[in-house]
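Below is one structure, written out as structure tokens; the observations come after it.
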Amino acid sequence: MKCAKSARYCVTHGNNEVGPIIPTRGIRQGDPLSLYLFILCAECFTTLLRKYEQKGWLHGCKEANGALRVSHMLFADDSYLYCKATEDEALRIQEVLLKFELASGQKVNFSKSSIFFRSNTLSSMKDRINSILGMVTGAEGSLYLGLPSSMGRNKSVALGFLKNKVKNRLLGYGTKFLSRVGKEILIKTAAQALPSYAMSVFLIPQEVTRDIEGLMSNFWWQSSSNSPKGWRLLTKPDTLVSGIFKARYYPRGSFFTADIGNNPSYVWRSVLEARQLVLKGVCWTVGDDTSISVLSEPWLPDTQNSFVSSSHPALVGAKVCNLLAMDGSGWDEDVVADLFEQRDQSLILGILGQHDHGRDKLTWIGEIFDFYTVKSAYRMAQEMNGWNTQDTSVLEAFWKKF
């Protein structure tokens, strides 16, 4: 106790030394002496348990004839105690814990402790032991030090937590601002590393490994929030990046009409490289405000070409709202007939039945929910480049190039 009470601390701040500081609440965490004291207390606890075992008051776990009985296992400040599932031994456990508390000053947190029973233990006995010790029965899927506390017959269920850990880690990071390189690093350093510790102990069932591989594959290829930057510039005009790009490259126009500009950044060059694909798949859904440019933006419901093909001089600079009747009842059919070719006329007048009573909004052609997906964009790119043809020579040329 003299060692514990004679501790002194000094704090160095700049070139000055403050202290000594004399602690009044015992050894502080991090003091080298605390480790030795902790081991001394653990040794006393071990000796007390062995004494109870020698007197026949506690019976540890014996897994086979000739094997040693295990009455306890200590992991740092955590302890596993083994005894028979009887009221007498439960009372002995309670007694030995109380003695240890009185001797060491440490206190067991019963609310954070739990009991595991063998499968043949009666439910009534479980309830009585839980009541005596003030603990709850350990859940089947509970973990200790990152591994299952108990292992049942269904190994896939017991080790299913690995799949959930990988899933939560990947969902936690998301893919909104991750490049391919970022995804690769995340998968290698985080997702693939998570099961490594469990693999050093258990043979992981194939069902679990397949599920983990599937999660990583989906994360690698998913595109729900990994939309191309061109699509984001169109559909998220109020974001910071959209405002900067507009001010820099198309201050008096839109992404549809923007050009490469003077001294463009590599990012802008990259975005423009994909614009042809974006323009192929994007289309305005006409709403109430109809602030859409008639000639320079896609708004006709045609999957092959959603741009107006008419070239009447009066359409230059015109907005879709200029084509509506004054009373707001629909299109001004006379204006439409005078300014547009037959193909455009039929498509425009056909929009009337689809008129969306709300703001104009951009949609992605070919998807049920109107949102961009990599799958639909890839399919569209195949069509644009003729990769989906059944012509053998074309396919061979494509794969050779690929």
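Quickly run through the range 49-73 and pick out the residues that are in contact with a helix residue (DSSP H, G or I) (Cβ under 6 Å, 6 or more places away or on another chain) and either open to solvent by 50 Å² or more (accessible area, probe 1.4 Å) or not hydroxyl-bearing (Ser, Thr, Tyr) (or both). Residues satisfying the conditions are 57, 58, 72. Among the residues making up the range 1-56, those that are modelled with pLDDT of 90 or more, closer than 17 Å to residue 75 by Cα and hydroxyl-bearing (Ser, Thr, Tyr) are 46, 47. Remark: pairs (first residue in the range 362-384, within 16 Å of residue 398 (Cα to Cα) and open to solvent by 60 Å² or more (accessible area, probe 1.4 Å); second residue modelled with pLDDT under 75 and small (Gly, Ala, Ser); Cβ separation under 9 Å; 6+ apart in sequence or on different chains) = 379/366. Would the range 140-163 turn up any residue that is of a type in the set (Lys, Arg), modelled with pLDDT under 80, out of contact with any Leu (no Cβ under 9 Å at 6 or more places or on another chain) and open to solvent by less than 50 Å² (accessible area, probe 1.4 Å)? Within the range 140-163, none of the residues are of a type in the set (Lys, Arg), modelled with pLDDT under 80, out of contact with any Leu (no Cβ under 9 Å at 6 or more places or on another chain) and open to solvent by less than 50 Å² (accessible area, probe 1.4 Å).
Screening residue 49 against (1) under 30 Å from residue 121 (Cα atoms); (2) in contact (Cβ under 8 Å) with a residue 24 or more places away in the chain; (3) touching a Cys at 6+ places or on another chain (Cβ under 9 Å) leaves a single unmet condition, (3). If you scan the range 7-26, which residues turn out to be surrounded by fewer than 10 Cβ atoms within 10 Å (Cβ to Cβ) and either touching a residue at least 12 places away in the same chain (Cβ under 8 Å) or outside any strand (DSSP E or B) (or both)? The answer is 8, 14, 15, 24, 25. Are any residues in the range 194-221 open to solvent by 100 Å² or more (accessible area, probe 1.4 Å), closer than 30 Å to residue 372 by Cα and touching a residue at least 12 places away in the same chain (Cβ under 8 Å), and if so, which ones? 221 - this is the single residue of the range 194-221 that is open to solvent by 100 Å² or more (accessible area, probe 1.4 Å), closer than 30 Å to residue 372 by Cα and touching a residue at least 12 places away in the same chain (Cβ under 8 Å).
The values are calculated or read from the model by the stated rules, or taken from the named source; none is laboratory data. Computed from a prediction, not measured in an experiment: that's the story for all the values here. Virtual Cβ from ideal backbone geometry, glycine too; neighbours counted across all protein chains shown. Protein only, heavy atoms only, side chains kept; ligands, DNA and RNA dropped before computing areas. Shrake-Rupley method; radii C 1.70, N 1.55, O 1.52, S 1.80 Å.
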